[in-house]
Amino acid sequence: MVALSVAAMAGGQVELDAPTLESFAAGLEGSLITQDDPGYEEARALWNAMVVKRPALIARCAGAADVKSSLDFARRNGLLFSVRGAGHNIAGSALCEGGLTIDLSQMRTVDVDMDAGTARVQPGATLGDVDAATLPLGKAIPVGINSTTGIAGLTLGGGFGWLSRKYGLTIDSLLSADVVTADGRQLTASETENADLFWGLKGGGGNFGIVTSFEFQLRDAGPDLLCGLIVHPASDGRNVLTAWRKFVAEASDDMTVWTVLRDAPPLPFLPEEVHGTQVIVLAFVYAGDPADGERELESLRAYGNPHGNHIGVMPFAEFQQAFDPLLTPGSRNYWKSHNFAGIDDGLIDLLLESAGNLPSAQSEIFVAQVGGEAARISADSAAYPHRDAAFVMNVHTRWEDAGDDERCVAWAREFFDATAGYATGGVYVNFVSEAEDAARVTAANGANYEKLQQVKAKYDPGNVFRTNLNVRP
């Protein structure tokens, strides 16, 4: 191993000699990767190809001891560092240019304790790992909808998906977390131990430490649930969205229906002539007895003249991966997001207008139905404050050619600005594309921002955890 120049926390560079690097590497159960190593390019690759950063060092941790050693090494040498879970974050905060990346992606174990009704999950696990360990047992953690998403980033941002109306957000099932804090301590955070840190972890992002283990309460789900897609032509868009709005307003907590406006992918149940045309997709999961779900779904299923549908009782683990082919890694992605308390007629007009002018075949606008149990929990019970969000919109712009960057980003920003008047002003932190977007930090944390600053000042007064959507102490 040769001497390296590494980005410093205070700016500039730190020169690390070969013996220092070799000693650090030798103390890791995992591995230390430099830019000259064969696996470097793969190790630094992120889900979003828009983000290109080249850390000088990547410490691939095998366990909590490696995490502590890596953080101690960064602090001792004054190094700029980042923390990587699964590398799925849209803003690319998993990496830092020229610094040290503390990589947790190899820590993927999920241990289920059926007697206790809990699961302990390492921070490198994906949602696919979690689902594989829990759903076949008829148990679940309420997580997101893309199996390659990381559990750590999802949870630290709040986390919502198909089961959130019934069971609340991901953080509402979090029982405890083991954390390495900025000063190198290894703490457990829960409602009864370091409760202020626990509060901050539930929606405050990676601002307070590195979580090496999450403990979740398991919920009943499946393993088979009534799920499916109903695909309507965009030409009937106003009527479809109006019918959807009425349906979800009366839906039980077991029923969740999201709407997606995009060009039709080549789904096997759609006629070939529909592929590539503008459509509105109603995607749903019923989290209770399928027979009850069939009865509740009847009015929505009978509405209009859809191009086709794919509805049935299926393994929920499979449906959790249904959108993966549309969200594969390596494409260029830019997101803008709003929270809504309701869906006004004017918002429907803007949704339909913009969906008719998507900047690429892969781009889409989705509106997720939340509410239910997630809305009944106090907004100050956790750092995540947006219990008033009945709907979360993500403007998901996605393309392949870097030459289209300016055009695609401009389209997303224009639509975002046009719909701002209908929004609550809040935003889901995991949907913020730009880590440097300071104005969105306040929006993401709402009325809880001042308390977050206090927790930050206690556990990270030097702001060493800063390569994120940063809360400053």
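The numbers here are math on the coordinates, done by the rules we state, and not lab data. Being a predicted model, the structure only gives us computed values, none of them experimental. Here Cβ is always computed from backbone atoms with ideal geometry, including for glycine, and neighbour counts include all displayed protein chains.
Values as computed for the structure displayed
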read-out	value
Additional length obtainable on full extension of the chain from Ala379 to Arg185, 0.36 nm per residue less Cα span	66.9 nm
Cα centroid separation - region 404-437 against region 43-79, whole Å	29 Å
Pair Asp36, Leu137: separation of 7 Å Cα→Cβ label points (nm)	4.7 nm
Pairs of lysines in the chain (C-alpha under 20 Å apart; 8 or more residues apart or interchain)	8
Estimated dipole of the chain in Debye, rounded to 20 [Cβ of Lys and Arg +1, of Asp and Glu -1, Cα centre]	880 debye
GluC sites (Glu not before Pro), loop per DSSP, at most 16 other Cβ atoms within 10 Å - longest free stretch of the chain	251-399
